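Read the structure below first, then the notes.
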Amino acid sequence: MTRLGSMDPAEQKHNFFFYGTLMVPAILERVLRHPTDHLTFEDAILPGFTRHCVKGQDYPAVTSVEQSHELMASTGPLDARDMDTRGTLVKGLSLKDIRPLDLFEDIEYTRVMTTVHVLGPSTVLQSQPKHWTGVSRSEEAWVYIWNESLSLLDPKIWSFEDFLRDKAHLWTGSETSEFFEDSAKYHNPNAAVQDSASEVIIAGQKVEGYPDFGHGMLKFWLFPRELTYLNNGSYGATPIPVIEATKRLHEQIEQFPDLFMRRSWLPLLNNSRSQVAKIINAKYDEVVIVKNTTMGISTVTDNIDWQDGDVIVIYDTTYGAMSQMMKCVCDRHPKVNLEIIKVTQPCSHASVVKQTEEVLAKYNEAVHQNPSDARAPKDKRQGQRVRLLLIDSIASNPGVVMPWEDVVGLCHKYGVLSLVDAAHSIGQQKLDVKRSDPDFLATNCHKWLMSHRGSAVFYVPLRNQHLIRSSNPTSAGYESRRFPTEGVNRPWEFAKQWEWNGTQDWAPLMSIAPAVEFRRSIGGEERIMEYNHSLAMEGGKRISKRWGTELMENEDPKDGVLTACMVNVALPDFPPAKSVEEEFELRKYFEQGLLDENVFAPPYLHAGKWWTRFSCQVWNELSDFDRTAEVFEKLCEGVRQGKHLDIHVAPTDTLHEVGDLASQADI
């Protein structure tokens, strides 16, 4: 088998060892969607693996001998003849053949490279001998190994002869078309051949003692088999173990609501606080659990005692809802103004920092104060000073890393309160709030940390807690200076206000702890982030090359790496929209087309150019980029033909009017 690098990927040939239904030529042809005349077939054995029946299915699975001993513990010892599996070594398969084979085998199996022993010369499948004639040589080949629970297997050894006699005819007829729909759907003989996804090494994909990352991880999520999902970044996706833990919390609540609400809730809530405080390197008393990042940021703007002449600084890439929130503050306080810094990506971190300092220096004098003190701006202009700066740690669209830590440093320098929208950070990039030292920070746990939505962390260092007098909404934990509670000598405490903000569904907030535990069980924070970042970098380069378009990344890492676990690629060229109304139609067309094809990666418009953002998570592989790219290519061609002007989409609560573009486009 030719290795990557020695020849063009389109010309490479691959070896596969089949041990079940695909040993029948007619079935193999049906999966591949082309004749097998050019392939060679050799009788071979897979040593150290046993072939079992899958319960309720016609097809088999192979497991290691050790697993087979475990499976057959109650039925008797494993026969020595079944400690190896006889099958067919098929040589000459192309890169285009791998995708339909992977889809046919589905997530129950993992494709691994292993050694098989060839028993005879090359021949056509029908001419293979029925009995072993001795090992002639060994070959490397891909094999599909069972990766689901052993409880789904029957200890019975699967028989190819029985399958040929009783079942094979069914698999070549219409009765079993469901098994071939995916491979037929994704087979495109005219598609450009990509570099072999199976040969690219993604950092962190394999770690001894933990499950391999990639499609094998899909068993931990509820995604339907036909879904290709590269949009974890918008809403997150909760793994099954966390869903089950959340269900148990709901059951605990409903079994005795008073017992839970009066006694049990607080230790569970505080456990979530403790877990996330460690992850972001905060003190326990500096973090509280809220429903989402928006709630945390709104709490800051609602508590600040705004003064005439205050200025709020944001960026034109600031998340839409946050931009609207800052405008709302200015509307409620007419003498508070808004300054928007324009940023066109890709650009260096240094350029963003430079633009930011120019704005801060325009309004404020540099101050020399103790970093532990609350910000005290000194205005350079008569009666105007920057009071608050809001920056994303990772912007939403474009989904790029911002130089937020450097900007926080500038805020210290100019006496400005720094408010960090870290909605995309926890679970995607390492957070150390003691090193970065923001004045306020909020981050969603349901996006990248895998908790149940909605749940988030709101961080306020001890030095600034006196500024946040009330939670959102104000709770029974609030204490008024003017109207203290009679008969109660209770000091005001920041965290105490967030313990009970009214009756609510506590389970999502408490799901943070099981989410952190699940992440530990699959390798921990560093491994997860390493894999997702590596996959994003490789996938982005792959699709940029495929489309011949721009990758949103700085060429020199010294200018700042823009990609964490989300990567942005410019879409193939199509005519620009002639109006805001047509832009709205374009957005609807892309969104509906992606949903109809069971894929999603959000398209968006930035600086006059259409891009898409791919969010990588542990269940993704490079082939997911290819599948999603195919759909975008089809949709872009549709735009060139004007099909977006004819689409009708029923109104939705998310995007239903032209006016929603500003606030909803960057979800």
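Some points to look at:
- When the residues of the range 23-36 are filtered to those that are part of a helix (DSSP H, G or I) and touching a residue at least 40 places away in the same chain (Cβ under 8 Å), the one that is surrounded by the fewest Cβ atoms within 10 Å (Cβ to Cβ) is Ala26.
Let's see how each residue does on (1) at pLDDT 95 or above; (2) within 20 Å of Asp439 (Cβ to Cβ):
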position: Phe260; (1), (2): no, no
position: Ala282; (1), (2): yes, yes
position: Glu286; (1), (2): yes, yes
position: Tyr315; (1), (2): yes, yes
position: Thr318; (1), (2): yes, yes
position: Met326; (1), (2): yes, yes
position: Asp331; (1), (2): yes, no
position: Ile340; (1), (2): yes, no
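- Restricting attention to the range 37-60, the residues that are outside any loop (DSSP other than H, G, I, E, B) and either closer than 24 Å to Ser94 by Cα or outside the structural domain of Trp142 (by TED's automatic domain parsing) (or both) total 7.
- For Pro473: the one exception among (1) in contact with a Pro (Cβ under 9 Å, 6 or more places away or on another chain); (2) over 24 Å from Asn337 (Cα atoms): (1)
- Within the range 69-80, residues that are over 11 Å from Leu150 (Cβ atoms) have Cβ atoms under 8 Å from residues that are at pLDDT 90 or above and loosely packed, with under 10 Cβ neighbours inside 10 Å in no pair, counting only partners at least 6 apart in sequence or on another chain.
- Any chance Leu266 is surrounded by fewer than 16 Cβ atoms within 10 Å (Cβ to Cβ), free of Cβ contacts under 8 Å to residues at least 12 places away in the same chain and of a type in the set (A, V, I, L, M): no
- Selection from the range 565-590 of residues that are modelled with pLDDT under 95 and either of a type in the set (Val, Ile, Thr) or on the phi > 0 side of the Ramachandran plot (or both): Val580
- Subset of the range 154-174 (residues that are under 25 Å from Val116 (Cβ atoms) and either touching a Phe, Trp or Tyr at 6+ places or on another chain (Cβ under 7 Å) or free of Cβ contacts under 8 Å to residues at least 12 places away in the same chain (or both)): Ser159, Glu161, Asp162
- Some residue of the range 85-95 being in contact (Cβ under 8 Å) with a residue 24 or more places away in the chain, small (Gly, Ala, Ser) and either part of a loop (DSSP other than H, G, I, E, B) or over 26 Å from Lys167 (Cα atoms) (or both): yes
- Residue count, the range 221-257 (criterion: in contact with a His (Cβ under 7 Å, 6 or more places away or on another chain) and closer than 13 Å to Leu449 by Cα): 4
- Flag if Thr293 is closer than 30 Å to Gln384 by Cβ and polar (S, T, N, Q): yes
- For the range 37-47, the tally of residues that are under 23 Å from Leu78 (Cβ atoms) and surrounded by 17 or more Cβ atoms within 10 Å (Cβ to Cβ) stands at 4.
- Any chance Val618 is surrounded by 22 or more Cβ atoms within 10 Å (Cβ to Cβ), touching a residue at least 60 places away in the same chain (Cβ under 8 Å), within 26 Å of His424 (Cα to Cα) and out of contact with any Pro (no Cβ under 7 Å at 6 or more places or on another chain): yes
- Of the candidates Gly593, Gly659, Gly638, the single residue that is more than 27 Å from Phe223 (Cα to Cα), at pLDDT 90 or above and in the same structural domain as Arg546 (by TED's automatic domain parsing) is Gly638.
- Answer from Glu550, Glu591 - the residue that is in contact with a strand residue (DSSP E or B) (Cβ under 9 Å, 6 or more places away or on another chain) and surrounded by fewer than 18 Cβ atoms within 10 Å (Cβ to Cβ): Glu550
- Filtered residue count, the range 555-591, keeping only those that are part of a loop (DSSP other than H, G, I, E, B) and within 25 Å of Glu525 (Cβ to Cβ): 6
- Check on Lys378, crowded, with 24+ Cβ neighbours inside 10 Å, charged (D, E, K, R) and touching a residue at least 24 places away in the same chain (Cβ under 8 Å): no
- Selection from the range 367-403 of residues that are more than 30 Å from Pro346 (Cβ to Cβ) and either touching a Phe, Trp or Tyr at 6+ places or on another chain (Cβ under 8 Å) or at pLDDT 95 or above (or both): Val367, Pro377, Asp379, Lys380, Arg381, Gln384, Arg385, Arg387
- Among the residues listed as Leu509, Leu562, the single one being more than 19 Å from the chain's Cα centre (by Cα) and at pLDDT 95 or above: Leu509
- Filter pass, Thr50 being under 17 Å from Trp142 (Cα atoms) and crowded, with 19+ Cβ neighbours inside 10 Å: yes
The values are calculated or read from the model by the stated rules, or taken from the named source; none is laboratory data. Source: prediction; values computed, not measured. Note that each Cβ is placed from the backbone with ideal geometry, even for glycine, and that neighbours are counted across all protein chains shown.
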